[in-house]
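**Student:** Dropping the structure in here first, questions after.
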Amino acid sequence: MAKHTQGNWKEYKGNIVTESKSELPIDFDANICKLNTFLEEAEANAKLIAAAPELLEALEETTNTLKFLSEHLTEAGKMELQKALLIIQKATN
């Protein structure tokens with residue numbers, strides 16, 4: 001799997017940051033990226049990007065379940081499983 005900044009990510013004023021685990025009076029420990037666009041759009045994009053690690057984990061868990069149940073999937077279900085596996089590969093390689 002590709003290396004990425006661990007932790008829980010969150011949106012903070014149009015930036016992607018790691019959630020603070022320190023006692024310091026700041027809301028984050030590390031700035032992962034800053035989005036340079038209009039504030040409203042930056043915040044919406046940042047929220048989507050911040051959810052990426054959790055979305056990837058959920059997709060991996062779902063595909064593992066679907067692989068286990070693969071003999072019961074319809075052809076359409078098998079195609080969706082392959083699509084999900086390709087998306088995981090795209091995100092991690």
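The values are calculated or read from the model by the stated rules, or taken from the named source; none is laboratory data. What you see is a predicted model; the values in this text were computed from it and never measured. Positions of Cβ are backbone-derived with ideal geometry, glycine not excepted, and every protein chain shown enters the neighbour counts. For the accessible areas, the whole protein counts, side chains as well, though only heavy atoms, and no ligand, DNA or RNA atoms are used. Shrake-Rupley method; radii C 1.70, N 1.55, O 1.52, S 1.80 Å.
**Student:** Output the residues belonging to the range 36-70 that are within 21 Å of I88 (Cβ to Cβ) and open to solvent by 60 Å² or more (accessible area, probe 1.4 Å).
**Tutor:** Scanning the range 36-70 gives L48, I49, E54, L55, E57, E61, T62, N64, T65, K67, F68, L69.
**Student:** Would you confirm whether any residue within the range 18-35 is modelled with pLDDT of 75 or more, out of contact with any helix residue (DSSP H, G or I) (no Cβ under 8 Å at 6 or more places or on another chain), open to solvent by less than 60 Å² (accessible area, probe 1.4 Å) and farther than 22 Å from N93 by Cβ?
**Tutor:** Scanning the range 18-35, I find at least one residue that is modelled with pLDDT of 75 or more, out of contact with any helix residue (DSSP H, G or I) (no Cβ under 8 Å at 6 or more places or on another chain), open to solvent by less than 60 Å² (accessible area, probe 1.4 Å) and farther than 22 Å from N93 by Cβ, so the answer is yes.
**Student:** Take E75 and tell me if it is under 21 Å from the mean Cα position of the chain (by Cα) and on the phi < 0 side of the Ramachandran plot.
**Tutor:** no
**Student:** Would you call A91 part of a helix (DSSP H, G or I), touching a residue at least 40 places away in the same chain (Cβ under 8 Å) and more than 14 Å from Y12 (Cβ to Cβ)?
**Tutor:** Here the answer is yes, as A91 does meet what is asked.
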